[in-house]
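For reference, the structure discussed in these notes is given below.
The values are calculated or read from the model by the stated rules, or taken from the named source; none is laboratory data. Note that the structure is predicted; figures quoted are calculated from it, not measured. All Cβ positions, glycine included, derive from the backbone under ideal geometry; neighbour counts span all protein chains shown.
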């Protein structure tokens, strides 16, 4: 799959017009800003909206959209508590559809994509991500990138090592289930030494330094939650 950098946003791109677009965001104001831009760019397309994971997944299965524009911080159902973990779960579901929809993630929790970066690298559709801090005008160029099957990730994601699945399991079992290293090692059928090595690699990946008087595990948990790697 082709990977695209920021400089590619300025290059002429081939025309690609989706016939069905799904927009997922739990903020009505965002939908009111995003949908008109999409309608102007793709006037012939059917544009559907969803404000929660359950509705978005139902529409995705039923309509098989060619393009999905999705925020990560969404609730399970309308009125529920929004979380990047819920949006990531939806994204992983949508990425199983065939044909693979092209995806644009627009979110303030863009670093949470570290959790699924290995899947993004091998995904069969186009994939782009945009931090919501950027102007909406950047959306059109990134949609074109996704529609031609390329991948564009923000610089922060490209510069950090991908999280291995076992690392995510370790974070989950330690900080969400409260298991000890020994219990996790037994469950994953690996040695405690390997678990200790995982902690070092996670710490390095998150850019956490050892500091006197501070517990590195606590700092790992704080940073992992901030990045959306934990629920």
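A few notes on this one:
- Meets criteria (assigned to a helix (DSSP H, G or I) and farther than 24 Å from residue 128 by Cβ) for residue 211: no
- Scope the stretch 92-107; condition farther than 15 Å from residue 121 by Cα and surrounded by fewer than 19 Cβ atoms within 10 Å (Cβ to Cβ); matching residues: 93, 97, 98, 99
- Test: residue 125 is in the same structural domain as residue 39 (by TED's automatic domain parsing) and either part of a helix (DSSP H, G or I) or over 21 Å from residue 73 (Cα atoms) (or both): yes
- Test: residue 118 is outside any helix (DSSP H, G or I), at pLDDT below 95 and out of contact with any strand residue (DSSP E or B) (no Cβ under 8 Å at 6 or more places or on another chain): no
- Single match in 143, 184, 220 (criterion: assigned to a helix (DSSP H, G or I), touching a strand residue (DSSP E or B) at 6+ places or on another chain (Cβ under 6 Å) and at negative phi): 143
So that you can scan it fast, the table gives a plain yes or no per residue for (1) touching a helix residue (DSSP H, G or I) at 6+ places or on another chain (Cβ under 7 Å); (2) more than 16 Å from residue 71 (Cβ to Cβ); (3) in contact (Cβ under 8 Å) with a residue 12 or more places away in the chain:
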{"residue": "111", "(1), (2), (3)": "yes, no, yes"}
{"residue": "130", "(1), (2), (3)": "yes, no, yes"}
{"residue": "166", "(1), (2), (3)": "yes, yes, yes"}
{"residue": "176", "(1), (2), (3)": "no, yes, yes"}
{"residue": "179", "(1), (2), (3)": "yes, yes, no"}
{"residue": "190", "(1), (2), (3)": "no, yes, yes"}
{"residue": "205", "(1), (2), (3)": "no, yes, yes"}
{"residue": "210", "(1), (2), (3)": "yes, yes, no"}
